[in-house]
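Shown next, in structure tokens, is the structure this report addresses.
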């Protein structure tokens with residue numbers, strides 16, 4: 001790793017850490033009537049100056065403007081439409097800023113079968129010579145396809161604080177927690193909506209969220225395996241599918257359990273975010289086009 005790359009990585013780590021430390025904890029206040037700790041809402045009358053002075057720069061620079069966009073656009077396009085607008089706009093911005101890194105990540109997924117083949121070749125070999133050969137073959141593979149092994153980390157560092165900000169903005173926008181979607185109150189959890197109100201649309205919403213999230217997580221792997229299979233058939237090579245990431249499913253199960261108890265507004269957001277991620281993945285692969293035959 002070059003010194004320049006190390007410096008860039010270190011800078012990104014610092015920026016991400018600062019955003020996460022200042023922004024992960026939700027902003028709460030004590031309700032004067034009930035004495036309970038509740039999420040501090042952002043109203044149309046809430047100013048940037050007020051947020052900056054009473055909270056932190058993360059909330060002022062990222063959460064406040066997103067929440068205000070949702071507040072002001074919801075009367076015209078609905079709560080779900082406003083959340084979709086903000087989510088799509090942010091995903092687009094992050095994609096533009098990290099386009100080269102996104103392409104590098106897509107190529108990495110595309111050549112995963114070749115990576116697995118090299119790793120299997122040296123499986124169980126712990127001597128220094130084998131480790132050196134493995135490293136050299138991996139670097140040669142990355143060079144062949146013009147891949148930066150650290151490229152996938154850039155979108156991650158850009159996305160983490162921004163996605164947290166969207167999450168908070170949906171929680172804090174006044175119009176969201178006081179609004180409804182398809183007759184479902186967005187301030188009520190799906191569990192309460194089913195058990196107390198007897199509205200099974202909440203169950204449908206959770207199922208849709210689970211399905212959309214699985215699809216968004218697995219879409220890159222599905223596309224990579226499809227492309228790898230076509231290339232293998234074209235060049236009469238054995239096709240080895242990339243293994244599924246079991247950690248993703250574990251995370252999905254955790255999210256599923258959390259989703260039944262958080263406000264339904266978050267479930268709606270999660271559905272929209274997953275659908276936007278799917279569209280972004282499809283568009284990115286469409287723009288990339290098919291890899292050249294010479295490269296294989």
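Structure notes:
- Of 52, 58, 19, all but one fail to be in a helix (DSSP H, G or I), at pLDDT below 55 and out of contact with any strand residue (DSSP E or B) (no Cβ under 8 Å at 6 or more places or on another chain); the exception is 19.
- The set of residues from the range 279-296 being modelled with pLDDT of 75 or more and crowded, with 17+ Cβ neighbours inside 10 Å comprises 280, 281.
- Residues in the range 188-235 that are farther than 24 Å from residue 279 by Cβ and modelled with pLDDT under 75: 5 in all.
- Scanning the range 85-94 for residues that are crowded, with 17+ Cβ neighbours inside 10 Å and either modelled with pLDDT under 85 or not assigned by TED's automatic domain parsing to the domain that holds residue 44 (or both) gives 87, 90, 91, 94.
- Residues of the range 253-265 that are buried (at least 22 other Cβ atoms within 10 Å of the Cβ) and either more than 14 Å from residue 203 (Cβ to Cβ) or not assigned by TED's automatic domain parsing to the domain that holds residue 203 (or both): 265 alone.
The values are calculated or read from the model by the stated rules, or taken from the named source; none is laboratory data. Small disclaimer: the values here were computed from a predicted structure and weren't measured. Note that we place each Cβ from the backbone using ideal geometry, even for glycine, and neighbour counts take in every protein chain shown.
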